[in-house]
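The values are calculated or read from the model by the stated rules, or taken from the named source; none is laboratory data. From a predicted model like this one, the values you see are computed outputs, not experimental measurements. Don't worry about glycine lacking a Cβ; one is built from the backbone with ideal geometry, like all the others, and counts go over all protein chains shown.
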Amino acid sequence: MRFQLMICAVIGLFLGFTINVQDAVIFKFTNAVCESYNQSWYVFHTCRLKALSRSKVVLNIHGTVLHPAKDISLRTRVFKRASGYKPWLFNIYFDGCLYMRRRNVPFINIVNGLLKEFTNINHTCPYVGPQIVKDFYLKPELLLLPFPTGDYMFAIQWFFDKRLQFDTNVSFIFVEDLLNKN
């Protein structure tokens with residue numbers, strides 16, 4: 001009987017600890033920079049962050065594809081800050097139109113899982129007209145990869161017909177302080 005009580009207590013402590021771990025994670029945006037290299041093909045109207053509270057910052061990007069884009073490729077890279085931003089774990093070049101049909105790039109599946117409820121960029125090619133990311137915020141519970149504590153930049157280069165059209169660079173901070181949680 002005593003052994004069963006100890007097992008229940010340990011399981012209860014473990015479950016209580018895992019539920020409160022989310023309180024010890026800081027996962028929020030720190031900067032957003034968007035740049036169009038071809039204003040006759042893609043125009044940014046808005047690219048900004050808005051702080052809702054100390055722990056919640058939302059990203060808003062509003063741009064317009066002026067001509068139908070049928071051949072879209074992306075280069076996604078993650079940089080970690082250490083005396084400037086240094087290349088980190090991911091440097092992926094993939095066909096965006098093929099990905100939207102087959103969802104065949106595992107790391108991009110994680111990014112898409114974070115982003116999909118906040119955007120209208122969730123259909124297959126061709127893309128034309130307004131492309132919007134509205135009130136996107138980072139949810140630590142949806143991050144499926146372990147990240148070390150640090151500052152990161154997620155950089156995406158967008159190629160239409162094999163020509164670089166625009167960049168979106170979003171910086172974020174990830175801090176997991178399990179020992180000093182509030």
Residue that is touching a Gly at 6+ places or on another chain (Cβ under 6 Å), within 21 Å of V25 (Cα to Cα) and modelled with pLDDT under 95, where the choices are K181, K80:
K80
Identify, by number, the condition in (1) modelled with pLDDT of 95 or more; (2) loosely packed, with under 14 Cβ neighbours inside 10 Å that S36 doesn't meet.
(2)
If I ask for residues that are under 30 Å from S40 (Cβ atoms) and either part of a helix (DSSP H, G or I) or at pLDDT 95 or above (or both), which ones from the stretch 95-106 would you list?
D95, G96, C97, L98, Y99, M100, R101
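Here is a yes/no grid of residues against (1) exposed (fewer than 13 other Cβ atoms within 10 Å of the Cβ); (2) in contact with a Gly (Cβ under 7 Å, 6 or more places away or on another chain); (3) in a helix (DSSP H, G or I); (4) of a type in the set (F, W, Y):
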| residue | (1), (2), (3), (4) |
| --- | --- |
| H123 | yes, no, no, no |
| V128 | no, no, no, no |
| Q131 | no, yes, no, no |
| K134 | no, no, no, no |
| M153 | no, no, no, no |
| Q165 | no, no, no, no |
| T168 | no, no, no, no |
| F172 | no, no, no, yes |
Six or more apart or on different chains, Cβ under 6 Å: which pairs go from a residue in the stretch 79-108 that's free of Cβ contacts under 8 Å to residues at least 24 places away in the same chain to one that's basic (K, R) and crowded, with 17+ Cβ neighbours inside 10 Å? Could you list them?
N91/R77
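Residue-by-condition table, conditions (1) closer than 15 Å to M153 by Cβ; (2) not aromatic (F, W, Y):
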{"site": "Q39", "(1), (2)": "no, yes"}
{"site": "F44", "(1), (2)": "no, no"}
{"site": "L89", "(1), (2)": "yes, yes"}
{"site": "N122", "(1), (2)": "no, yes"}
{"site": "C125", "(1), (2)": "no, yes"}
{"site": "G129", "(1), (2)": "no, yes"}
Mind telling me which of the residues L115, L138 ends up being in a loop (DSSP other than H, G, I, E, B), within 17 Å of A32 (Cα to Cα) and within 14 Å of the chain's Cα centre (by Cα)?
L138
Could you give every pair whose Cβ atoms fall below 9 Å, whose first residue belongs to the stretch 115-132 and is under 16 Å from G63 (Cβ atoms), and whose second residue is among the hydrophobic types (A, V, I, L, M, F, W, C) and assigned to a loop (DSSP other than H, G, I, E, B), counting only separations of at least 6 or pairs across chains?
L115/I121; Y127/I121; Q131/I121; I132/I121
